[in-house]
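Notes follow once the structure below has been shown.
The values are calculated or read from the model by the stated rules, or taken from the named source; none is laboratory data. In this text, all values refer to a predicted model and were calculated from it rather than measured experimentally. Positions of Cβ are backbone-derived with ideal geometry, glycine not excepted, and every protein chain shown enters the neighbour counts. Quick note on the areas: whole protein, heavy atoms, side chains included, nothing else; ligands and nucleic acids left out. Shrake-Rupley method; radii C 1.70, N 1.55, O 1.52, S 1.80 Å.
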Amino acid sequence: MHESDLKYFKELLLERKRQIRKNIEDAYVEMSGLNESEVSDELDHASISTDRMIEQAVSSQQNQELNEIEVALSKIANGTYGVCDMCEEEISIQRLKVKPHAKYCIVCREIIEKTKK
Ligand SMILES: [Zn+2]
């Protein structure tokens, strides 16, 4: 992969990282707002805990993506970025543009998806 491509993906990953961090922070701010609001009856309790479960699910998903971005950034640093973890072939630029923290090429991704089911 060219130096200019690596630079481009590094920017993309850093931008995505900023975005996720912001999303997580926003979720926390919203949650702490809920903590302060008055809870008058059982029904409110129920809806708040559902909201919180959703928030937690969202933030854990985003935390996972954050980890994957960190891994991709360290791969850029050590020169192994854009190589599939499974078959060690290069992942296509088109795919990386859609998902810059992709670990697998499209062929391996499909194999993994199939074995999951
Ligand atoms: Zn592969």
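Brief remarks follow.
- Selection within the stretch 83-105 - open to solvent by less than 100 Å² (accessible area, probe 1.4 Å) and more than 17 Å from the chain's Cα centre (by Cα): V83, C84, D85, M86, C87, I91, S92, I93, C105
- Hits in the stretch 60-83 (condition: free of Cβ contacts under 8 Å to residues at least 24 places away in the same chain and within 16 Å of the ligand (Cβ to nearest atom)): K75, T80, V83
- Total residues in the stretch 84-117, condition near the ligand (Cβ under 10 Å from one of its atoms) and either among the acidic types (D, E) or assigned to a helix (DSSP H, G or I) (or both): 11
- Residue pairs whose Cβ atoms lie under 9 Å apart, sitting 6 or more positions apart in sequence or on different chains, and linking a residue in the stretch 90-117 that is more than 21 Å from L66 (Cα to Cα) to a partner that is open to solvent by less than 100 Å² (accessible area, probe 1.4 Å) and away from the ligand (no atom under 13 Å from the Cβ), are E90/M1.
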